[in-house]
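Accompanying notes for the structure given below.
Please treat every number below as a calculation from the coordinates, not as lab data. Because the structure is a prediction, the values reported are computed rather than measured. Every residue, glycine as well, gets a Cβ built from its backbone with ideal geometry; the counts of neighbours run over all protein chains shown.
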Amino acid sequence: MSSEFFHPLDLVEEIFAANEWPFERALADELVAEVAGRWADYSLMFAWRDDVNMLQFGCACDLRVGVERRSALYEMLALVNDQLPLGHFIVDPSSNLLVFRHASLTRGQEAPTAEQFEDMMELALGECDRFYPAFQYMLWGGKSASDAVAAAMLEPVGRA
């Protein structure tokens, strides 16, 4: 497909439509969708930057951070981000929400592939589901950042 007729986010629309997931594309270069995760619903945000052939992606968790736990959360973000092979968690300054972010450069490609979009979403949802309970444990359970991350890193063994 020619890039003058095909926008990379058109493919994301097709993926979401095929799965019957609700989405909104108010701007040509941005798409927002809601997806159910294991622990919560997540807001997925895609933005295409044509000037550098870059796809920016965010997955927002509905975890708002109170001022009293902010320093503990920043400590936890450093510990969590150290465990991630790709992407990172931030606290979005405009919404005060916890967001998993990742960007992908596609120089030399006409556009990202469906597999790249699917991998990006799978990675983000997996990391959000893995660490969501730990963030809750720290934010609302009053636990330390290191205890919360240690709990998230436990791998269950055996069968229940």
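Assorted remarks:
- Net length gained if the chain between Arg70 and Asp41 were fully extended (0.36 nm per residue, minus Cα distance): 8.2 nm
- Rounded to 10°, Cα long-axis angle of helix 70-81 versus longest principal axis of the chain: 60
- Residues in the range 71-111 that a label on Glu13 would reach, taking backbone N under 20 Å of a point 7 Å out along Cα→Cβ: 110-111
- With all projection directions averaged, the alpha carbon convex hull of the range 1-50 covers 4.0 nm².
- Ordering Thr113, Thr106 by the number of other Cβ atoms within 10 Å of each residue's own Cβ, fewest first, gives Thr113, Thr106.
- Sequence of Ser43, Ser146, Ser94 once ranked by neighbouring C-beta atoms within 10 Å, starting from the fewest: Ser94, Ser146, Ser43
- Using θ = phi - 60° and Karplus 6.51 cos²θ - 1.76 cosθ + 1.60, couplings along the range 14-27 (whole Hz; Gly, Pro as x): 4, 4, 5, 5, 4, 8, 6, 9, x, 8, 9, 10, 6, 10
- Range of Cα positions in the chain per principal axis (Å), largest first: 52, 40, 29
- Cα long-axis angle, helix 114-139 against the chain (0 to 90 degrees, to the nearest 10): 20
- Computed helical MRE - 222 nm, the chain, DSSP H runs ≥ 4 contributing -39500 (n - 2.57), nearest 500: -12000 deg cm²/dmol
- Dipole of the chain, positive end: most advanced residue of Gly87, Ala111, Val65 [Cβ charges, Cα centre]: Val65
- Summing +1 for each Lys or Arg and -1 for each Asp or Glu among the other residues whose beta-carbon sits under 14 angstrom from that of Gln136 gives +2.
- Sorted by Cβ neighbour density within 10 Å, fewest at the top, the residues Met120, Met54, Met153: Met153, Met54, Met120
- Plainly put, the range 77-160 has a radius of gyration that is 1.05 times its Kirkwood radius, both from alpha-carbon atoms, as the Rg/Rh ratio.
- Once the Cβ-Cβ distance of Gln136 and Ala114 is raised to the sixth power relative to R0 = 22 Å, the FRET efficiency obtained is 0.10.
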